[in-house]
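Worksheet for the structure shown next.
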Amino acid sequence: MTNSYQRQRYSNSSNEKKFYSTAAYRRMRLALLNTDPICQVCKVEPATEVHHLHPLSSVEGQQNKLNPAACITICFNCHVEATREERSTKPVRKRIKQIEFSRFD
């Protein structure tokens with residue numbers, strides 16, 4: 001049985017599905033999770049996901065999509081919330097916005 005997050009994630013475009021299954025993305029994801037093993041949002045839970053700070057649909061080029069500086073490691077619950085807020089018309093949670101801006105300082 002799939003939860004709403006899984007249905008939402010897999011409703012992405014086929015290009016996004018292909019991107020997430022590439023060896024290059026899987027290597028980057030594993031490297032980031034090894035480098036930052038704690039969720040960068042809640043700072044408590046182990047990180048199990050990699051979250052792009054900008055939606056993939058707005059990022060041009062494979063190299064930009066694989067830029068580790070444009071991603072954060074995040075726990076499942078924070079990722080669900082971040083993705084939900086990203087897809088809604090409501091503003092993104094302040095903690096995620098702060099991380100986004102601090103990553104590029």
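The values are calculated or read from the model by the stated rules, or taken from the named source; none is laboratory data. Here the structure is a predicted model, which is why all the values come from computation and not from measurement. Cβ coordinates were reconstructed from backbone atoms using ideal geometry, including for glycine residues, and neighbour counts include every protein chain displayed.
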**Item:** Residues that are touching a strand residue (DSSP E or B) at 6+ places or on another chain (Cβ under 9 Å), surrounded by 11 or more Cβ atoms within 10 Å (Cβ to Cβ) and either among the basic types (Lys, Arg) or not in a loop (DSSP other than H, G, I, E, B) (or both), drawn from region 31-67
**Value:** Leu32, Leu33, Ile38, Pro46, Glu49, Val50, His51, His52, Lys65
**Asked** When the residues of region 90-99 are filtered to those that are loosely packed, with under 15 Cβ neighbours inside 10 Å and under 14 Å from Pro55 (Cα atoms), which remaining residue is modelled with the lowest pLDDT?
**Response** Val92
**Request:** Considering only region 68-80, state which residues are farther than 13 Å from Gln40 by Cα and buried (at least 18 other Cβ atoms within 10 Å of the Cβ).
**Result:** Val80
**Complete:** When Val50 is run through (1) modelled with pLDDT under 80; (2) under 18 Å from Lys17 (Cβ atoms), the failure sits at (1)
**Request:** Would you mind stating whether Pro68 is within 10 Å of the chain's Cα centre (by Cα) and within 25 Å of Lys18 (Cβ to Cβ)?
**Result:** no
